[in-house]
Amino acid sequence: MLDGCTDWPDDFVRRYREHGYWQGVPLGQLLREQALRTPHKEALVDGHRRWRYAELDLQADRLAAGLADRGLRAGQRVLVQLPNVAEFFSLTFALLRLGVIPVFALPAHREHELVHLAQLSQAVAYVIVDRHLGFDYRPLARALCKQAPSLQQVFVVGAAETFVALGDCVADPRPLPAPDSREVAVLLLSGGTTGLPKLIPRTHDDYACNARLAARACGFDSHTRYLAALPVAHNFPLASPGAFGVFSVGATLVLAPEPSPETTFELIEGERITHTALIPPLVLLWLEMAQWSDHDLSSLQWLQVGGARLKAEIAARIGPTLGCGLQQVYGMAEGLLCFTPLDDPQARIFETQGLPLTADDEIRIVDADDVPVAPGAVGELLVRGPYTIRGYYNAAEQNLRAFTADGFYRSGDLVRRLPEGHVIVEGRTKDVINRGGEKIPVEEIENLLLGHPLIRDVALVALADELLGERSCACVLAHGEQVELGTINAWLRERGLAAYKLPDRLQVLREFPLTRLGKVNRKALAEQVQAL
Ligand code: AMP
Ligand code: DBH
């Protein structure tokens, strides 16, 4: 395995193969198999551009050859920051076929996150789109290259300016040595627990298993028309089941540039979408707008919702308002996926986050001393399984905390289980704010804010919010002068912080409530500020 990754022990490797989870097929084959089986079937739709399976497959091969000509080699990492554009997939399959490892940054990430990702991964190249939703990624690329010397090349989808146009990196397809399916295929980002995002190494075998079995749990078949409304760089729309799930069954993937009802309702009607996936705040927005919309949404069969806890009352409005079924998804880029079974009774679908994908997902629910809690009681979810990582990339020290000695991943989520096995997410132990599905690592923001000349001390806490579930509040002890949210956020933006991580609120205090040990009592602080 790639240096800096933790492999599964031999007995687990044997078991996962024997049980059919790991099929020894590299991810690049996913597309190839469908291209051979149904070459003329529509694979991908991006605006007015459409690709059949054979066309997308050929495009990936041509790009693979072209990128090899530009010096990319198996085992190298490439930082990919693309929105929902077709090139995301031709590029990803090209890299997968070369054994080059994409590191999937989100379109919202900025210099602060990207410098860290480039340095941590030692990426040799960076791939961007020229502009998306009014933001120009080329100046960002220039700034990034100055700070991340490993980056030797920048490829641009669209107008390349001083960089290289991705469209020019094509060559006649040629046979390439297939990567080992046990190798790392992609590096995903963790929502973060401590400090900056960590990198999640997913192998060809385990990520293919993730997508294939998720597609089965969600009832995908070749007639499925899936709308990617969330950014496809994220594990949920990428492989849970998402795009890879679509390709694994020879179905059709339709890309939305952004998830607003204005954009997506038209696509659902025009493209006869059958399945899509959302985070809870978007569900609320869709429910609001559906009441006013003339668009025909009747093709929609299933809406998957995950990323943050969905309120049961909202869950119950989905069927009557959107005319489709609800499937709750509790997932993590580190691996474990839970889905509510499609044929479960309504109460189960509204009130639980479903069942683990496989019988070999070993789940332990433990107290603060790692002792299993009584059946049905709340505790932290630990997990080990055929598509759950054993360690973050290049993170030996953090891995000691994030994994148990016997290889269980500590999710940081507080859950309980029903007698039938359904998981219910009740809270968390990790220091992350879940802003409607977007994760804000508390320590990362606090460390940045401590660098501000007017801030003496800071604690970032979550406040309850009707729309987002949680939003962030920076509680600060200030040096004399007035500190304001607007100026603090402008300052954070200048440091290249992604917009979703900017505090929603700022509260200047004289002192923090402390625990008996003298640490900031975050719970008391949040309650105090919430009440103001
Ligand atoms: P990430 O680390 O970005 O992959 O985010 C994964 C985390 O999102 C999980 O560990 C949970 O804390 C949270 N999460 C995902 N889906 C749900 C859900 N359906 N309900 C509650 N929390 C969720
Ligand atoms: O929040 C997540 O990371 C998430 C949610 C739903 C996820 O990774 C997934 C499904 O695969």
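The values are calculated or read from the model by the stated rules, or taken from the named source; none is laboratory data. Just so it is clear, the structure is predicted and the values come from calculations on it, not from any experiment. Using ideal geometry, Cβ is built from the backbone for each residue, glycine included, and neighbour counts are taken over all protein chains shown.
So that you can scan it fast, the table gives a plain yes or no per residue for (1) in contact with a Ser or Thr (Cβ under 8 Å, 6 or more places away or on another chain); (2) at negative phi; (3) buried (at least 17 other Cβ atoms within 10 Å of the Cβ):
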{"position": "Ala43", "(1), (2), (3)": "yes, yes, yes"}
{"position": "Arg49", "(1), (2), (3)": "no, yes, no"}
{"position": "Ala64", "(1), (2), (3)": "no, yes, yes"}
{"position": "Leu114", "(1), (2), (3)": "no, yes, yes"}
{"position": "Leu120", "(1), (2), (3)": "no, yes, yes"}
{"position": "Val129", "(1), (2), (3)": "no, yes, yes"}
{"position": "Tyr137", "(1), (2), (3)": "no, yes, yes"}
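If you go through region 417-434, how many residues are out of contact with any helix residue (DSSP H, G or I) (no Cβ under 6 Å at 6 or more places or on another chain), farther than 10 Å from Thr352 by Cβ and either free of Cβ contacts under 8 Å to residues at least 12 places away in the same chain or of a type outside the set (Val, Ile, Thr) (or both)?
Here the count works out to 6.
Consider Val425 carefully, then state whether it is modelled with pLDDT of 95 or more, over 15 Å from Ile200 (Cβ atoms), within 19 Å of the chain's Cα centre (by Cα) and within 16 Å of ligand 2 (Cβ to nearest atom). Spell out the reasoning first.
Numbers: modelled with pLDDT of 95 or more: yes; over 15 Å from Ile200 (Cβ atoms): yes; within 19 Å of the chain's Cα centre (by Cα): yes; within 16 Å of ligand 2 (Cβ to nearest atom): yes.
Yes, satisfied.
Please tell me if Asp457 is touching a strand residue (DSSP E or B) at 6+ places or on another chain (Cβ under 8 Å), closer than 24 Å to Ser190 by Cα and surrounded by fewer than 19 Cβ atoms within 10 Å (Cβ to Cβ). Spell out how you get there, then give the answer.
Details: touching a strand residue (DSSP E or B) at 6+ places or on another chain (Cβ under 8 Å): yes; closer than 24 Å to Ser190 by Cα: no; surrounded by fewer than 19 Cβ atoms within 10 Å (Cβ to Cβ): yes.
Taking the combined requirement at face value, the residue does not satisfy it.
Report yes if some residue within region 52-60 is over 24 Å from Asp180 (Cβ atoms) and among the aromatic types (Phe, Trp, Tyr); otherwise report no.
The answer is yes; a qualifying residue exists.
Taking the condition more than 16 Å from ligand 1 (Cβ to nearest atom) and more than 18 Å from Leu91 (Cα to Cα), does Gly245 pass?
Details: more than 16 Å from ligand 1 (Cβ to nearest atom): yes; more than 18 Å from Leu91 (Cα to Cα): no.
In short, no.
Scan (1) crowded, with 16+ Cβ neighbours inside 10 Å; (2) assigned to a loop (DSSP other than H, G, I, E, B) for the single condition Ala359 breaks and write down its number.
(1)
Between Phe247, Phe265, which is in contact (Cβ under 8 Å) with a residue 60 or more places away in the chain and aromatic (Phe, Trp, Tyr)? I'd like the intermediate steps shown before the answer.
Details: Phe265 fails: in contact (Cβ under 8 Å) with a residue 60 or more places away in the chain.
Exactly one of Phe247, Phe265 is in contact (Cβ under 8 Å) with a residue 60 or more places away in the chain and aromatic (Phe, Trp, Tyr), namely Phe247.
Looking for whichever is touching a Leu at 6+ places or on another chain (Cβ under 6 Å) and within 11 Å of ligand 1 (Cβ to nearest atom) here; the options are Leu310, Leu337. Which one fits?
Leu337
Collect the residues in region 6-52 that are part of a strand (DSSP E or B) and β-branched (Val, Ile, Thr), keeping them in residue-number order.
Val45
Filter region 501-532 down to the residues that are touching a residue at least 60 places away in the same chain (Cβ under 8 Å), crowded, with 16+ Cβ neighbours inside 10 Å and part of a helix (DSSP H, G or I) and list them by number.
The answer is Lys501, Arg522, Leu525, Ala526, Val529.
Would you point out the residue of region 210-222, among those that are assigned to a loop (DSSP other than H, G, I, E, B) and of a type in the set (A, V, I, L, M, F, W, C), that is nearest to ligand 2 (Cβ to nearest atom)? Even if it seems obvious, please write down each step before you answer.
Going through region 210-222, the residues assigned to a loop (DSSP other than H, G, I, E, B) turn out to be 218-222.
Narrowing further to those that are of a type in the set (A, V, I, L, M, F, W, C): 218, 220.
Working: Cys218: 11, Phe220: 15 Å.
My answer is Cys218.
Given the conditions (1) touching a residue at least 12 places away in the same chain (Cβ under 8 Å); (2) in contact with a Phe, Trp or Tyr (Cβ under 9 Å, 6 or more places away or on another chain); (3) more than 16 Å from ligand 1 (Cβ to nearest atom), report the number of the one that Leu188 does not fulfil.
The failed condition is (3).
Test Phe236 against the stated conditions and say whether it is closer than 19 Å to Arg32 by Cα, among the hydrophobic types (A, V, I, L, M, F, W, C) and in contact with a helix residue (DSSP H, G or I) (Cβ under 7 Å, 6 or more places away or on another chain).
On the way: closer than 19 Å to Arg32 by Cα: no; among the hydrophobic types (A, V, I, L, M, F, W, C): yes; in contact with a helix residue (DSSP H, G or I) (Cβ under 7 Å, 6 or more places away or on another chain): yes.
Judged against the criteria, Phe236 is not a match.
Can you find a residue that is touching a residue at least 12 places away in the same chain (Cβ under 8 Å), over 21 Å from Asn235 (Cβ atoms) and among the aliphatic types (A, V, I, L, M) anywhere in region 103-116?
Scanning region 103-116 turns up at least one residue that is touching a residue at least 12 places away in the same chain (Cβ under 8 Å), over 21 Å from Asn235 (Cβ atoms) and among the aliphatic types (A, V, I, L, M).
Okay, residues lined up against (1) more than 10 Å from ligand 1 (Cβ to nearest atom); (2) touching a Phe, Trp or Tyr at 6+ places or on another chain (Cβ under 9 Å); (3) farther than 18 Å from Pro280 by Cβ:
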site	(1), (2), (3)
Ala405	yes, no, yes
Phe408	yes, no, yes
Asp413	no, yes, no
Arg417	yes, no, yes
His422	yes, no, yes
Val425	no, yes, no
Val432	no, no, no
Pro441	no, no, yes
